[in-house]
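Throughout, read-outs are computed from the coordinates displayed, never taken from laboratory work. From a predicted model like this one, the values you see are computed outputs, not experimental measurements. No Cβ is skipped: glycine too gets one built from the backbone with ideal geometry, and neighbour counts run over all protein chains shown.
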Amino acid sequence: MKSIIASLFVGLLLISCKDAKKEESQPIVDEITAVAVGTVISGDFEITDPEALEVKWEKALTAEKGKEIELEGFEIITGKVDNNSSEEYYMIISRTNEGNIMVAALLDLRDGEFFFKSVVEGEHIMVMCEDEGYCEQEGCLPIVNVRNDKQQIDCSCRECSKEEKKIK
């Protein structure tokens with residue numbers, strides 16, 4: 001009888017440990033998409049913590065490019081999707097000091113606050129458009145299109161390079 005109770009106890013202990021490990025590896029709330037990036041105040045868009053965002057994005061860009069990248073200012077913009085004029089988007093953008101690289105990420109507006117659109121739980125995609133000297137007029141700007149019923153950022157100039165970086 002004691003061995004049966006001991007076996008049941010060990011079995012329950014193993015199951016509860018397995019469930020705890022599962023919860024640790026799959027966060028219910030991810031820190032990127034759960035925290036507001038900006039707000040709407042009297043019709044103006046304001047970024048909540050531009051310094052923290054700048055540090056996170058510069059670190060990701062520096063790792064991607066293999067050299068130090070510095071961003072200059074952030075802005076939340078809105079517009080109509082290029083291939084669907086009735087659909088609206090929100091996007092946060094920044095550029096390098098030299099102006100040849102622009103970075104952007106899509107945002108959701110919920111109850112007056114902006115959040116990163118989650119692509120995969122715990123991640124958002126930052127898109128980098130780099131003008132390598134072939135784009136005319138304004139250079140290479142991020143634009144929004146719809147593919148497979150999802151908004152995606154593209155670059156305005158076909159000659160510029162586009163890289164996507166997942167940010168956690």
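See the values below:
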read-out: Interchain or long-range residues, amide H under 5 Å from C140's placed H; value: D131
read-out: Packing-based order for 45-58, 65-78, 95-108, using average beta carbon neighbours within 10 Å, highest first; value: 95-108, 45-58, 65-78
read-out: 5 angstrom amide H check on L107, placed H, neighbours 5+ away; value: Y90, M91, I92, K117
read-out: Of K67/K150; K56/K80; K80/K162; K59/K80, pairs whose Cα-Cα distance is over 26 Å; value: K67/K150; K56/K80; K59/K80
